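Reviewing the structure listed below.
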Amino acid sequence: MVAATRLRGGRAASSRGAASFATEAVHTARATGCTGTLVVRMDSAFYSAAACGAVRAARAFFSVTVAMNPHVAAAIAGIGEDAWTPIQYPPAIWDDQLRAWVSAAEVAEVRYTAFTSKKGTSRCTCPKAGTARPNE
């Protein structure tokens with residue numbers, strides 16, 4: 001379900017109003033009767049302590065794309081080889097000889113704390129942050 005869309009005027013940055021936009025989307029979903037787990041999907045332009053904090057304050061979960069930075073790279077580098085799981089991602093195909101799905105990526109989860117330069121509740125620890133890598 002799409003709960004909200006917004007057009008920004010002029011040359012507004014993509015992140016402008018992200019926190020209030022995310023809050024409105026969660027409240028709209030709840031107002032229409034959604035009672036289950038809500039996940040707010042945000043692209044990297046919305047990756048901020050304010051937007052992620054707003055989603056958490058609205059008692060929802062979020063999925064957000066993060067630009068590569070030294071902290072993210074270190075978290076990914078710390079993932080063991082045995083933690084990567086192949087995904088059945090379209091256009092994945094079954095390979096009878098390998099007896100496995102052949103897909104474009106593998107996924108893994110890692111504990112990650114975002115916004116470490118912020119104080120207190122602005123920090124966001126994700127016990128299972130996901131990442132993907134191309135198959136080699």
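Of note:
- Accessible carbon and sulfur surface of segment 9-81 relative to its total accessible area, %, 1.4 Å: 57 percent
- ALA100-ILE76 FRET efficiency (beta carbon distance; Förster radius 25 Å; 0.05 resolution): 0.60
- For segment 48-115, accessible area per residue (1.4 Å probe, heavy atoms of protein chains only), Å²: 67 Å²
- Amide H contacts under 5 Å for THR113, placed H, 5+ residues apart: CYS126
- Angstrom value of the Kirkwood radius, inverse mean 1/r, which spans all Cα pairs in segment 38-105: 14.9 Å
- Packing here is the average count of other Cβ atoms within 10 Å per residue, and on that basis the peptides 45-53, 60-68, highest first, run 45-53, 60-68.
- The phi torsions of segment 79-94, fed into the Karplus equation with coefficients 6.51, -1.76 and 1.60 and a -60° offset, translate into couplings of 7, x, 4, 6, 8, 7, 10, x, 10, 8, 10, x, x, 4, 10, 7 Hz, rounded to whole numbers, with Gly and Pro shown as x.
The values are calculated or read from the model by the stated rules, or taken from the named source; none is laboratory data. Fair warning: this is a prediction, and the values are worked out from it, not measured in the lab. Here the Cβ is made from the backbone with ideal geometry for all residues, glycine too, and neighbour counts use every protein chain on show. The accessibility values were calculated without ligands, DNA or RNA, using every heavy atom of the protein model including side chains. Shrake-Rupley method; radii C 1.70, N 1.55, O 1.52, S 1.80 Å.
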